[in-house]
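> Quick one: the structure is below, and I'll ask about it shortly.
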Amino acid sequence: MKNGVTFNHTDEQCLDGYSGALCLVCAKNYVLQGNQCEKCDGGSDFTAAFLLLVSLAFVVFLGILCLLVCAPSKKNASSSEKYYGQMKIILTFLQILASMPGVFDNVPWPKNFISFTFPLNVINMDFLSIFMKSTCSLSVPFLEKFLLHMMLPLLLLVAVLVSYALSRCCLKSNQVKLQRGKELLGKVLILGMFFLYPGLATQIFTVFRCKNIDGIDGQVLAADFSIKCHEVEHSMHALVAGAGLGVYIVGLPFGMFLVLYKNRKHLFDVASKEHERVKASFGGLYLQYEEEYWWFEMVVVLEKMIMTGAMCVIAPGSSLQLLVAVLVTLIYMLLVLKTAPYNEDSEDYTSFIACLTLTLTTLGGFALIMDDLSKPTYESQLLGAVLIAMSVCCIAAEIGIVVLIDCSAYEKVCGHQDGSKKKVSGGNKTQVLPVTVVNQENDLNARAEKAWENEKK
């Protein structure tokens, strides 16, 4: 009984759409979207969510098949490969930025900043989060979403390998395109790993993220308050997460290191017979770095894993979590500054700008979580606008570096101006010097003829 009203069931005390202890769980025919329970007739549908991923894999299959069949020539491919490194740097920045509101979910992020980062989740291959806004049946509970995310790499791998096998059947007589297809397969697999890795790290580490809530016995899963931690359902999914941690999170970067270490003698040795094979298969992992920093891609992956995954379980919900994140981004930024590991100066500039922006964004999160919400020091929407402005300026600066330096726009403009001046200067010389020489020659000829006539006389 409360305020003279008698309740026959505890859920009757909750607002519409909520149920369970402390009204923290979505009721039947309601699904969790963001932080709120929204009406959804029939509730979520695991089968519909799985079919969405199958459809995605089919689209990838068609795209890769077209790419392999219409494989670009080496000349065209080499002209585009110089942008590959820049694309990876910008991709890493966007992936970490998109994961911040989810990883640091106890930070009172401004609503405009959350709205800005939400569409970027597509970069982390979190398609369910994007489509669930339009189709509520895709808003499956967290553990089901986790299982779907674990299936996604396998579905995409099957799609890529089947498309590769079909392309070889279609191009039996074209050995050049078969070789190019083999090289492209390696690049596609490496790029796919970069896309999938942050989302996998976030999902896997979140399974181990439990919290205590006053009024509820034991710990509950931070991503789904209806799940009691360390009980049968959670323990079974934790085993799957442990396997994913070993195969995806640790296995992939460790495998990358072993492959590069085993072939380290052939990575940059042009005279080696194995150089072309290693370059074609694993070039996407090391070619953008200077020879002494062939291993630096593992550092990038490690930083990505910490910021998008491991931070989920490092003092979650506390200011210490944000402080550790600030130190991680700061150490990585100083490492990039000190080593300047990239072959191209433009990539060193781009990487530094991305590191600086992520450090300042994390510092903004630290300021927000330390702020007194009853008497806030920072105006939330204004700080959100500042965070968005920093991110937009970072992306604009990175694109500007690619256009001005990598595309040689600055060199072409300045070179054209210098060339124009040289041409004018050279033109003056060609207009004056030949005339002077001709006049001198005519004068000498006239004197010689005059001297010859005098001698005859």
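The values are calculated or read from the model by the stated rules, or taken from the named source; none is laboratory data. Being a predicted model, the structure only gives us computed values, none of them experimental. As a convention, Cβ positions derive from the backbone with ideal geometry for all residues, glycine included, and neighbour counts pool all protein chains shown.
> Taking the stretch 55-69 as the search range and keeping residues that are within 23 Å of the chain's Cα centre (by Cα) and among the β-branched types (V, I, T), which one is surrounded by the most Cβ atoms within 10 Å (Cβ to Cβ)?
Taking the candidates together, the pick is I64.
> I need the full set of residues from the stretch 330-345 which are farther than 14 Å from Y289 by Cβ, touching a residue at least 12 places away in the same chain (Cβ under 8 Å) and not aromatic (F, W, Y), in order please. Working first, answer last.
Of the residues in the stretch 330-345, the ones farther than 14 Å from Y289 by Cβ are 330-334, 337-338.
Those left that are additionally touching a residue at least 12 places away in the same chain (Cβ under 8 Å): 330, 332-333, 337.
Those that are farther than 14 Å from Y289 by Cβ, touching a residue at least 12 places away in the same chain (Cβ under 8 Å) and not aromatic (F, W, Y): L330, M333, L337.
> So which pairs qualify, if the first residue must be in the stretch 37-66 and farther than 30 Å from C170 by Cα, the second must be at pLDDT 90 or above and in a helix (DSSP H, G or I), the Cβ gap must be under 6 Å, and the two must be at least 6 apart or on different chains?
Pairs that qualify, where the first residue is farther than 30 Å from C170 by Cα and the partner is at pLDDT 90 or above and in a helix (DSSP H, G or I), are F46/E144; A49/L148.
> Going through the stretch 164-207 one residue at a time, which ones are crowded, with 17+ Cβ neighbours inside 10 Å and outside any helix (DSSP H, G or I)?
Residue satisfying the conditions is L171 alone.
> One residue is enough: does the stretch 263-281 have a residue meeting the conditions small (G, A, S), under 29 Å from G102 (Cβ atoms) and within 22 Å of the chain's Cα centre (by Cα)?
Looking only at the stretch 263-281, we keep the residues that are small (G, A, S), and these are 271-272, 280-281.
After this cut, where a residue has to be under 29 Å from G102 (Cβ atoms) as well, the list is none.
Within the stretch 263-281 (the criterion being small (G, A, S), under 29 Å from G102 (Cβ atoms) and within 22 Å of the chain's Cα centre (by Cα)), the answer is no, since none of the residues qualifies.
> Which residues, taken from the stretch 30-50, are out of contact with any Ser or Thr (no Cβ under 7 Å at 6 or more places or on another chain) and among the hydrophobic types (A, V, I, L, M, F, W, C)?
Across the stretch 30-50, the qualifying residues are C37, F46, A49, F50.
> Name the single residue, out of those in the stretch 218-260 being aromatic (F, W, Y) and touching a residue at least 24 places away in the same chain (Cβ under 8 Å), that is farthest from H149 (Cα to Cα). Quick ask: steps written out before the conclusion?
Quick first cut of the stretch 218-260, residues aromatic (F, W, Y) only: 225, 248, 254, 257.
Right, trim to touching a residue at least 24 places away in the same chain (Cβ under 8 Å) and you get 225, 248, 257.
Details: F225: 20, Y248: 12, F257: 25 Å.
Across the stretch 218-260, the extreme among qualifying residues is F257.
> Let me ask another. Just give me the residues in the stretch 137-158 being closer than 21 Å to F282 by Cβ and either in contact with a His (Cβ under 7 Å, 6 or more places away or on another chain) or crowded, with 18+ Cβ neighbours inside 10 Å (or both), in sequence order. Before the answer, list the steps.
Pass one, the stretch 137-158, residues closer than 21 Å to F282 by Cβ: 153, 156-157.
Of everything in the stretch 137-158, those that are closer than 21 Å to F282 by Cβ and either in contact with a His (Cβ under 7 Å, 6 or more places away or on another chain) or crowded, with 18+ Cβ neighbours inside 10 Å (or both) turn out to be P153, L156.
> Are any residues in the stretch 304-326 free of Cβ contacts under 8 Å to residues at least 60 places away in the same chain and within 17 Å of the chain's Cα centre (by Cα), and if so, which ones?
Result: I306, single match.
> Would you confirm, using the coordinates I've provided, whether G43 is assigned to a loop (DSSP other than H, G, I, E, B), modelled with pLDDT of 80 or more and surrounded by 14 or more Cβ atoms within 10 Å (Cβ to Cβ)?
Numbers: assigned to a loop (DSSP other than H, G, I, E, B): yes; modelled with pLDDT of 80 or more: yes; surrounded by 14 or more Cβ atoms within 10 Å (Cβ to Cβ): yes.
Yes; evaluated as a whole, the condition is true for this residue.
> Working only within the stretch 295-324, note down all residues that are in contact with a Pro (Cβ under 7 Å, 6 or more places away or on another chain) and of a type in the set (F, W, Y).
Within the stretch 295-324, just F296 meets the criteria.
> Continuing with the same structure: Assuming L161 fulfils every condition listed in (1) within 23 Å of V300 (Cα to Cα); (2) surrounded by fewer than 20 Cβ atoms within 10 Å (Cβ to Cβ) apart from one, which condition is it?
Unmet for L161, out of (1) within 23 Å of V300 (Cα to Cα); (2) surrounded by fewer than 20 Cβ atoms within 10 Å (Cβ to Cβ): (1).
> Hey, another quick one. As an exercise: evaluate S374 against (1) of a type in the set (S, T, N, Q); (2) without any contact (Cβ under 8 Å) to a residue 24 or more places away in the chain; (3) in contact with a Ser or Thr (Cβ under 9 Å, 6 or more places away or on another chain) and give the number of the one condition it does not meet.
Among (1) of a type in the set (S, T, N, Q); (2) without any contact (Cβ under 8 Å) to a residue 24 or more places away in the chain; (3) in contact with a Ser or Thr (Cβ under 9 Å, 6 or more places away or on another chain), S374 violates only (3).
> Among the residues in the stretch 107-124, are any at pLDDT below 90, buried (at least 22 other Cβ atoms within 10 Å of the Cβ), more than 24 Å from S380 (Cα to Cα) and within 19 Å of the chain's Cα centre (by Cα)?
yes
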